[in-house]
Amino acid sequence: MAGKQERQRRLARERHERRLVRQAQRQQAMRKVTAWVAGGVVLLIVALVVTLTVVHLGSKSASAQGTPSATPSVSATPSASATPNATPPATEPATHCDYVPSGTAARPVGGLPPATPDYKATYTATIKTNRGDIVIDLLNSKATCTVNSFVFLASKNFYNKTPCPRLSTSGGLYIIQCGDPTGTGAGGPGYAFYSENLAGATYPAGTVAMANSGEPYTNGSQFFLVYKDTTLAPNYTPFGRIVSGLSVLADVAKGGIGKPLNPAGGGPPKDKVTIESVVIKKT
């Protein structure tokens, strides 16, 4: 009798132990499932955040690469931005100009433009291109330091044999952009300076103005020629007026835009434009 009771107790213990093992296994499995579910939720949240971020950035990128509308821009991206140590002219015509080193010159120019401009001079620039000549009256009394820089670069042959890599034909932006020997939109003269002549600035057909990276002290060598009335914020120094050759630009615009497109709008003109030289006449 005692032996039978001992076997029953042993079988009961074994059943109890098996139940404990099964219970532990179920709990471990539940912990794994919970961990998987939690991990899945985290991954879902991360994926959702990434998706929303990509969509947001994509919409911004599409806006930048598409046709400029309410806020077209004329961007130049120098290899290194100037610091705000440069100071704008106190009055115009300026009697002193402040140029600061910025990045590496796309072509050697031997340093900075003279700090003392000839503010009483009258300048005419003839941009000789493979498409024809463009004659510009430079606004020396209104944008003295900009004109001083442009005349300096022309004297150093900085613009000779350089492309005009950007044409825009829609969205309120009707320009041809030039002034970068590299043709990439990232080249400059190795210095930068403040904007001028911005109060009430507009950009009708015939305007010649500086391109910059959106800050007032990032002007360098790049400029744009307006062939049709253009709507722009007054962020780009107007420093010249085309008096002859506007039809040259209009003909290039009729040829259309090639690829790749410029993130700021437009792209390379199908009818390639090359500046052969810039001739300055001073009186």
Going through region 128-166 in order, the residues found to be farther than 20 Å from Arg241 by Cβ and in contact (Cβ under 8 Å) with a residue 60 or more places away in the chain are Asn130, Ser155, Asn157, Phe158, Asn160, Lys161, Thr162, Pro163, Pro165, Arg166
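Collect the residues in region 248-266 that are surrounded by fewer than 18 Cβ atoms within 10 Å (Cβ to Cβ) and either in a loop (DSSP other than H, G, I, E, B) or touching a residue at least 40 places away in the same chain (Cβ under 8 Å) (or both), keeping them in residue-number order. Quick ask: steps written out before the conclusion?
The initial filter retains those residues of region 248-266 that are surrounded by fewer than 18 Cβ atoms within 10 Å (Cβ to Cβ), namely 250-251, 254-256, 258-261, 263.
The answer is Asp251, Gly256, Gly258, Lys259, Pro260, Leu261, Pro263.
Identify all residues within region 91-146 that are of a type outside the set (A, V, I, L, M, F, W, C) and outside any loop (DSSP other than H, G, I, E, B); write none if there are none. Let's see the steps before the verdict.
Looking only at region 91-146, we keep the residues that are of a type outside the set (A, V, I, L, M, F, W, C), and these are 91-93, 95-96, 98-99, 101-104, 107-108, 110-111, 113-114, 116-120, 122-124, 126, 128-133, 137, 140-142, 144, 146.
Those that are of a type outside the set (A, V, I, L, M, F, W, C) and outside any loop (DSSP other than H, G, I, E, B): Pro101, Tyr123, Thr124, Thr126, Lys128, Thr129, Gly132, Asp133, Asp137, Thr144, Thr146.
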State which residue is nearest to the chain's Cα centre (by Cα) when the search covers only region 119-152 and only residues that are surrounded by fewer than 20 Cβ atoms within 10 Å (Cβ to Cβ) and among the aliphatic types (A, V, I, L, M).
-> Val135
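Find the residue count for region 167-183, including only residues that are farther than 13 Å from Val74 by Cβ and touching a residue at least 40 places away in the same chain (Cβ under 8 Å). Before you say what the answer is, go through the steps one by one.
To start, the set of residues in region 167-183 that are farther than 13 Å from Val74 by Cβ comprises 169-170, 181-183.
With touching a residue at least 40 places away in the same chain (Cβ under 8 Å) added as a condition, the list becomes 169-170, 181-182.
Selection size over region 167-183: 4.
Condition first: of a type in the set (D, E, K, R) and touching a helix residue (DSSP H, G or I) at 6+ places or on another chain (Cβ under 7 Å). Can you find one or more residues in region 262-283 that meet it? I'd like the intermediate steps shown before the answer.
So the first thing to find is which residues in region 262-283 are of a type in the set (D, E, K, R), and the list is 270-272, 276, 281-282.
From the residues that got through so far, the ones that are touching a helix residue (DSSP H, G or I) at 6+ places or on another chain (Cβ under 7 Å) too are 270-271.
So far as region 262-283 goes, yes, one or more of its residues are of a type in the set (D, E, K, R) and touching a helix residue (DSSP H, G or I) at 6+ places or on another chain (Cβ under 7 Å).
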What number of residues in region 160-208 are within 18 Å of Val109 (Cα to Cα), of a type in the set (D, E, K, R) and under 17 Å from the mean Cα position of the chain (by Cα)?
-> 1
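So, Gly245, is that one farther than 18 Å from Ser75 by Cα and out of contact with any Lys or Arg (no Cβ under 6 Å at 6 or more places or on another chain) or not? Steps first, please.
Working: farther than 18 Å from Ser75 by Cα: yes; out of contact with any Lys or Arg (no Cβ under 6 Å at 6 or more places or on another chain): yes.
Considered against the rule, which asks whether it is farther than 18 Å from Ser75 by Cα and out of contact with any Lys or Arg (no Cβ under 6 Å at 6 or more places or on another chain), Gly245 comes out as yes.
For (1) farther than 30 Å from Pro268 by Cα; (2) assigned by TED's automatic domain parsing to the domain that holds Phe224; (3) modelled with pLDDT of 75 or more; (4) out of contact with any Leu (no Cβ under 9 Å at 6 or more places or on another chain), each residue gets a yes or a no:
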{"position": "Val74", "(1), (2), (3), (4)": "no, yes, yes, no"}
{"position": "Ser81", "(1), (2), (3), (4)": "no, yes, no, yes"}
{"position": "Pro93", "(1), (2), (3), (4)": "yes, yes, yes, yes"}
{"position": "Thr116", "(1), (2), (3), (4)": "yes, yes, yes, yes"}
{"position": "Lys120", "(1), (2), (3), (4)": "yes, yes, yes, yes"}
Conditions (1) surrounded by fewer than 21 Cβ atoms within 10 Å (Cβ to Cβ); (2) without any contact (Cβ under 8 Å) to a residue 40 or more places away in the chain -> Tyr203 fails only (1)
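The values are calculated or read from the model by the stated rules, or taken from the named source; none is laboratory data. Keep in mind that what you see is a predicted model, and the values were worked out from it rather than measured. A quick note on method: Cβ atoms are made from the backbone with ideal geometry, for glycine too, and the neighbour counts reach across all protein chains shown.
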